[in-house]
Amino acid sequence: MREPSPDGSPTPLATVLSTPLMMALARTVYSDTPDHDPAELLDIPGKQELAEHLPDNFLPTVYLRARPGARGWDPERVQRWLGHLARHLTESRTPDLAWWRLGHGLRRSTRTLVTALVTALVIGLVDGVMSVGFSGSVIGGVLDGTMFGLLAGLLFGLVRWFTYTVTGKGLRPSAVRLRIRGRPETTTWRAGPRLVIGTLGGALFGCVYGFMVGLLRAFSRHFGLSTALEIGLVDANVFGLIFGGAAGLTFCLLETPLDIVSAVSPGSVLRTDRRTVLTQLCFWAPVFGTAVGFGAGVVVNLLQGHPGQLAADPTASILLGTISGLGGALGYTLTLTAWGQWCLLTRIWLPLTGRLPWAVAAFLDDAYQRGVLRQAGAVYQFRHARLQSRLAQGRRRG
């Protein structure tokens, strides 16, 4: 380090290295890297240039090192990925990098649209394959799958929008309610709002789906328009009651928030939430499917003779219950669980658009091992706030 200036003021290098952060960055870039010559710091004239030089060289330095057993990462892509995360934290005004909020870096409209489209595609494929398998009609299966998938995607997208986007709430990791033992008194579970949302959402889906099914059934038999509308309205009432009751029953029975304050690591919270969702799938599919299939027979018997002559078909009830159980479970998982949104947005959409790597969890853990991030319970944080700020600025300019 050069001598102070003639007036006794410290040199720019001495001023910059007077903070623990800059000393740590300089040690990483130069002392821990033999092929880097620290003498080049003397050729940088100003404090601002020095303060930018060290953070800018920190990431290339730590990612050029080979870690035993770790995969290699392209430093240029790492810069872009970490820049996206840094900007996400800056815009969210929080230092906590939580895996269940990584998708919040997208616009609300984008999150809802992507969720609705993927949910429609997944449920439509399930419905189409099951319909073809039961009926043997490819055209009928494609039509039913397309109609069922589009309506399900629209419904789950609307439910997600009103449940989380409009209210400003965020999805959080959860635990299966029946498996919690000795949970604290502050952890509450309120079934009322979920019961109302589930019932209304299911009834809306059932009415629209039933109306469309009734019209298709009537036109396939060459009935007139007035008869087709009458059949469509009857089926709308029947399916609305079936899906409304089944969705309200199953939508409010499953989960309670998970205590993430005492979590050991982000990975442990992710694994717990994944187990929760898999348990929910095992519960949701048979319960919702049974409720729909059984409800179909009950509703048809109750309404017999009132809206018109109804025919109960056991095979159709089994098919409807099976498709509804699988489709409802998948739709609930993708749209209304933290792990489902993690898979949909963080594991698929963000890597597909180049903002994050495909192996997101491995990338975050590797950044922690290299000293770029640190763990704070269930979340990660950038080890140096100056580094986060610098990355966010670079990402904004890019």
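Only the coordinates and a few stated rules stand behind these numbers; no lab work does. Just so it is clear, the model here is predicted, and its values are computed rather than measured. Methodologically, a virtual Cβ is constructed for each residue, glycine included, from the backbone with ideal geometry; neighbour enumeration extends over all protein chains shown.
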Residue-span extension gain [S135 to A362] - 0.36 nm each, minus C-alpha spacing: 77.3 nm
Quick check: pseudo-label points 7 Å beyond the Cα along Cα→Cβ at L113 and F219, how many nm apart are they? 2.8 nm
Near the amide H of A376, under 5 Å away, which other amide H atoms are found, from residues 5 or more places off or on another chain, if H is placed in the peptide plane? Q381
Set the Förster distance to 30 Å, then compute FRET efficiency between L200 and V142 from the Cβ-Cβ distance, nearest 0.05. 0.55
Inter-probe distance in nm under a simple model that places probes 7 Å from Cα toward Cβ, at L158 and Q369: 4.8 nm
Grab the beta carbon distance between I318 and R172, set R0 = 45 Å, and tell me the FRET efficiency rounded to 0.05. 0.80
7 Å from Cα along Cα→Cβ at both S389 and F283: what's the point-to-point distance in nm? 4.6 nm
